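Comments concern the structure below.
The values are calculated or read from the model by the stated rules, or taken from the named source; none is laboratory data. Please read these numbers as outputs of a predicted model, since none were measured by experiment. Cβ: placed from backbone, ideal geometry, glycine included. Neighbour counts: every protein chain shown. For the accessible areas, the whole protein counts, side chains as well, though only heavy atoms, and no ligand, DNA or RNA atoms are used. Shrake-Rupley method; radii C 1.70, N 1.55, O 1.52, S 1.80 Å.
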Amino acid sequence: QVQLVESGGGLVQAGGSLRLSCTASGRIFSINTMGWYRQAPGKQRELVAIITSGGGATNYAYSIKGRFTISRDNAKNTVYLQMNSLKPEDTGVYYCYADRVSAGGGFVSAVWGQGTQVTVSS
């Protein structure tokens, strides 16, 4: 099993910054891609950013490009999301995500953290 624990959410004014962290524990050798999703009130969960196991490839939602940066420290089993120039529409619950893969590289399951609230006031 893999467990993901997020931290770093909170309340910030528009234009401010926050840094989210997500630390994995358990069978971490099975983790491949990690990332962040978010869910605003009344809306579906959406991709924010993902990063491959080696950190060599990233993908971002169009709405946050140029403002958010995802990074990964495999030595600490942690993925980060640096969020700058925050907007009220960035408000939501942010969930950490990880792919578990088999020894052969095949997808096994998705793992989710419990979520951390980010609120951006105008």
Solvent-accessible area of W112, probe 1.4 Å, all protein chains present, reported in Å² to the nearest ten, please.
100
Per residue, accessible area of the chain with a 1.4 Å probe, heavy atoms of protein chains only, in Å², comes to 52
On the accessible surface of the chain, probed at 1.4 Å with all protein chains in place, carbon and sulfur together account for a percent value of 49
Quick check: convex hull of the Cα atoms in the chain, volume per residue, rounded to a whole Å³?
98
Calculated FRET efficiency, Q13 and A103, Cβ-Cβ r, R0 35 Å, to nearest 0.05?
0.15
Restricting to aspartates and glutamates and to Cα separations under 20 Å from K65, and discarding same-chain partners fewer than 8 apart, the set is E46, E89, D90
Please report, in debye to the nearest 20, how large the charge dipole of the chain is about its Cα centre when each Lys and Arg carries +1 at its beta carbon and each Asp and Glu carries -1 there.
40
